[in-house]
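What follows is a set of notes on a single structure, which appears directly below.
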Amino acid sequence: QETDRTPIGLYFAKSPVNRQLQVLPLVNTSFAIPAGARSYEVNASFTIPTFLSAQMWTVTPHMHLLGRRIKVELFKAGSTQAECLIDIPDWDFNWQGTYLYSKPITLGGGTRLKLTTIFDNSSENRFNPSNPPKVVRWGEETTDEMSLAFVGFTLDAAGLLVSAPIIDEVTVDGTGNLAVTGSGFLPGADIEIDGRSLRDTTAETSSSARRLASPELWKVLADPGREVTVTVLNPDGSRTSPRKFIRQGTAAKLAAVSAANYSADNLTPSSIAVVFGSGLAGATAAATTLPLPTSLAGTTLRVNGLPAPLFFVSPGQINFMIPDETLTGNAVVEVLSGGGLLSRGTINIASAAPSIFTANAQGNGAPAALFTTDGVSYQQVGNPDGTSNPTSPGGYLVLFGSGIRRAPKSLIELTIGGEPVPVLYAGPQGSFAGLDQINTRIPSGVSGLVDVVLSVNGRAANVVRVRVN
């Protein structure tokens, strides 16, 4: 089973939008490309009405498999001199898109736009879907054809009304939300802190004012005691005047590292991590259920505002799993104890950063691994003091780690005693939240206490050692 993790980003304007982008299709739908024609030309044109003027921002040429060349030209009013807007002399149906001009092209009244398309409907065209060739006309199917270019433009005389949002007050309400009240907030408006949008902004409307709220993400950007700037950004790009805001209280410091090798550089979504600090919890408690709870002994932990599953909490340490939805890059970890004490720190999240659990729980020595020769009987590889029990060439080594599951197997490299070994499996262990597993085979020709070296896309894990007899 595979999960699609494709993200989609929608970017709204950061300054007022006063024109609406419109689309003009330059199109010819009445052609018929003869069978066998190697260079058949189809044209289309459009003349801007004399009472209009516009700015051209984009062009999107489009043909299908018989297309060989596509060109759009501009002829100013009263001129026969062509100005090239785009020319693709070697059309590729699998490589097409929208082209944006660095500066808009002025389309004055009387300007003529001309589309020229060339098609190859011969048997020499290796992309021709018909053998032998047949007459091809306009149609929606890939085996049909199109002579088309979309022109993206704005009309000079068609301005948009621009909103004028105003902030009246910035407070923290009784439920811990950052509340921004004011007027002129459009649907889809975002609260901003120091210019960064809060994706969890919600809106509430009353008869006298409009209220926006952020339940969690505002805490990521507003650490206690630091003055920040709050603005509201409407979807049309209009922004309020800034308001200063200070989050009340203080935050103790904490440090977060990988639970496998205690490195701050090996943290990924869905990996197992440890936080160290003081006053993190009022009592010691461990999770006893799956899925893991997000609160233990009244303590909660959030990563960039996302609640983290908890394995264990105590006054000085919390073991947790970084939420799967966490984005890569810098992240803020906040712990709120049951007694209301806040602790805060920053970490860096990578897409893949391997680390291997060790038997001594120190990140070195023998791995907390299993060894088998037959896939039926397994023995522990590592001892609590970090020494290794014997293994043998040809046997199977099962390693346990974290920060590995998102990596394609092709990017995982593993050596034992300096010899490359196959990665038979790499992914979630299956029964323990956040735990990853790698299966491999010990090569022949190595003996003694040897290094096991794992890397993902060139990023190395902690080196562990196994004894091979």
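P61 - would you say it is under 16 Å from E41 (Cβ atoms), exposed (fewer than 15 other Cβ atoms within 10 Å of the Cβ) and either modelled with pLDDT of 95 or more or of a type in the set (V, I, T) (or both)?
Considered against the rule, which asks whether it is under 16 Å from E41 (Cβ atoms), exposed (fewer than 15 other Cβ atoms within 10 Å of the Cβ) and either modelled with pLDDT of 95 or more or of a type in the set (V, I, T) (or both), P61 comes out as no.
For the range 4-42, enumerate the residues that are β-branched (V, I, T) and modelled with pLDDT of 95 or more.
Scanning the range 4-42 gives V23, V27, T29, I33, V42.
If you take the residues of the range 239-249 that are in contact (Cβ under 8 Å) with a residue 40 or more places away in the chain and on the phi < 0 side of the Ramachandran plot, which of them is surrounded by the most Cβ atoms within 10 Å (Cβ to Cβ)?
T240
Conditions first: (1) assigned to a loop (DSSP other than H, G, I, E, B); (2) at pLDDT 95 or above; (3) buried (at least 19 other Cβ atoms within 10 Å of the Cβ). D236 passes all but one, so which condition is the exception?
D236 satisfies every listed condition except (2).
Condition (residue is in contact with a Lys or Arg (Cβ under 7 Å, 6 or more places away or on another chain), modelled with pLDDT under 95 and on the phi < 0 side of the Ramachandran plot) applied to the range 184-195: is it met by at least one residue?
Yes, the range 184-195 contains a residue that is in contact with a Lys or Arg (Cβ under 7 Å, 6 or more places away or on another chain), modelled with pLDDT under 95 and on the phi < 0 side of the Ramachandran plot.
Scan the range 1-25 for residues that are over 30 Å from P408 (Cα atoms) and either out of contact with any Pro (no Cβ under 9 Å at 6 or more places or on another chain) or surrounded by fewer than 14 Cβ atoms within 10 Å (Cβ to Cβ) (or both) and jot them down.
Once the filter is applied, which keeps residues that are over 30 Å from P408 (Cα atoms) and either out of contact with any Pro (no Cβ under 9 Å at 6 or more places or on another chain) or surrounded by fewer than 14 Cβ atoms within 10 Å (Cβ to Cβ) (or both), the range 1-25 yields A13, K14, S15, P16, N18, R19, Q20, L21, Q22, V23, L24, P25.
So which residues in the range 133-163 are of a type in the set (A, V, I, L, M, F, W, C), at pLDDT 95 or above and part of a loop (DSSP other than H, G, I, E, B)?
Within the range 133-163, V135, M146 meet the criteria.
Select from the range 439-469 the residues that are outside any strand (DSSP E or B) and of a type in the set (A, V, I, L, M, F, W, C) and write down the one among them that is nearest to K409 (Cα to Cα).
A461
Give the number of residues within the range 168-181 that are assigned to a loop (DSSP other than H, G, I, E, B) and surrounded by 18 or more Cβ atoms within 10 Å (Cβ to Cβ).
Qualifying residue count for the region: 1.
Residues of the range 182-232 being among the basic types (K, R) and either surrounded by 15 or more Cβ atoms within 10 Å (Cβ to Cβ) or touching a Gly at 6+ places or on another chain (Cβ under 8 Å) (or both), which ones?
Matches in the range 182-232: R210, R211, K219.
Collect the residues in the range 282-302 that are within 22 Å of Q437 (Cα to Cα), out of contact with any Leu (no Cβ under 8 Å at 6 or more places or on another chain) and in contact (Cβ under 8 Å) with a residue 24 or more places away in the chain, keeping them in residue-number order.
L290, P291, listed by residue number.
Filter the range 247-261 down to residues that are assigned to a loop (DSSP other than H, G, I, E, B) and of a type in the set (S, T, N, Q) and give me whichever is nearest to F276 (Cα to Cα).
Looking at the filtered set, the residue picked out is N261.
Restricting to the range 363-411, count the residues that are among the β-branched types (V, I, T), buried (at least 16 other Cβ atoms within 10 Å of the Cβ) and either assigned to a strand (DSSP E or B) or free of Cβ contacts under 8 Å to residues at least 12 places away in the same chain (or both).
2
Looking at the range 206-222, is at least one residue assigned to a loop (DSSP other than H, G, I, E, B), at pLDDT below 95, touching a Lys or Arg at 6+ places or on another chain (Cβ under 9 Å) and not polar (S, T, N, Q)?
no
Pairs, please: C-beta under 9 Å, at least 6 apart or cross-chain, first residue surrounded by fewer than 22 Cβ atoms within 10 Å (Cβ to Cβ) and in the range 260-281, second part of a loop (DSSP other than H, G, I, E, B) and among the hydroxyl-bearing types (S, T, Y)?
Pairs found: S270/T326; V274/Y262; G279/S337.
Given the conditions (1) part of a loop (DSSP other than H, G, I, E, B); (2) touching a strand residue (DSSP E or B) at 6+ places or on another chain (Cβ under 6 Å), which single one is not true for L290?
So L290 meets the others, but not (2).
Please enumerate the residues belonging to the range 320-348 that are surrounded by fewer than 20 Cβ atoms within 10 Å (Cβ to Cβ), part of a strand (DSSP E or B) and of a type in the set (A, V, I, L, M).
Passing the criteria: V332, L342.
The values are calculated or read from the model by the stated rules, or taken from the named source; none is laboratory data. The shown structure was predicted, so the numbers you read here are calculated from the model rather than taken from an experiment. All Cβ positions, glycine included, derive from the backbone under ideal geometry; neighbour counts span all protein chains shown.
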